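Heads up: the structure comes next, in C-alpha cells.
The values are calculated or read from the model by the stated rules, or taken from the named source; none is laboratory data. This is a predicted model, so every value here is computed, not measured. All Cβ positions, glycine included, derive from the backbone under ideal geometry; neighbour counts span all protein chains shown.
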Amino acid sequence: MHSRGGIRLNRGFNSHIKSANGLLMRLSRLSKNEMKYCPATLAAAVIISACVTPSQPSSLHLVIRAVEDTVVLQQTPEETAFTITVSVRNDDARVARVALCGMQAQRNIDGVWTTVFTPWCSSSAIRTLAPRDSVVVPVDVVGYTLPNRVPAFDPRMTAGRYRLVFGVGLDDPTVTSASTFLRAQASTEFFVK
C-alpha cells in the first residue's frame, strides 16, 4: 500500500485533490517539503474543476460501485478514517480514462451531497480502461486532526451515507487538454458507521 497524505491507495495510486480556489489558498501556506507535490496537485485540480455534467450526448457508460455496503469509521486522537473498496467497470464500447488521483468523499447531509473530504494529490494517476475492463480501487479516506498534516479533518466526516466522486472521460489521443474530456461521476452509495 502506498501512502502520502490523506488517501492511501493500493496499487501505488495516491488520491488527493482540491478545488481551484481552495488549492491556491492551500499552496500559499505550504512548507518547502510539501511544495514538491504542487505540480501534480495543480494538474488534478484542473482535471476536476473542468468536469462537466454527465448529460452529454457522448457520455461514457461506466459503473462505479462501492464493494462494501457498510464500512467502519475509525477515530484516534490524530486522525479519523474509513476504508472503502470501489470497482470501476467500463461498459462502453470506447476506451475510458478514470482519474484515480482526485476522487472526493461526499456525505449526504440533509438531502444534499456535501464534500467532506478533499484529498491532497501527489500523483496524476489516470487509469485507462478498455471496453468491458475493470479496476478495483481500495481507498483509505483519512482526515488528520494534527496541525500541519494534510488533508485536515472535516468535522462533518462522521457516520452517514457516502459516495466517492471520480473524474472520468474518453481516452482520445486527439484531445490535448484533460479539461475537455473529463466529467464527474459518483460511485454507488455506501454507509459509514
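Listed values, structure above:
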item: Top-ranked residue of segment 139-163 - restricted to ones that are within 20 Å of Val112 (Cα to Cα) and not hydrophobic (A, V, I, L, M, F, W, C), ranked as surrounded by the most Cβ atoms within 10 Å (Cβ to Cβ); result: Tyr162
item: Single residue of segment 43-69 satisfying the filter (loosely packed, with under 12 Cβ neighbours inside 10 Å and of a type in the set (Ser, Thr, Tyr)) that is modelled with the lowest pLDDT; result: Ser55
item: Strands (runs of 3 or more DSSP E) within segment 132-193 that include 2 or more residues modelled with pLDDT under 95; result: 134-144, 160-170, 182-186
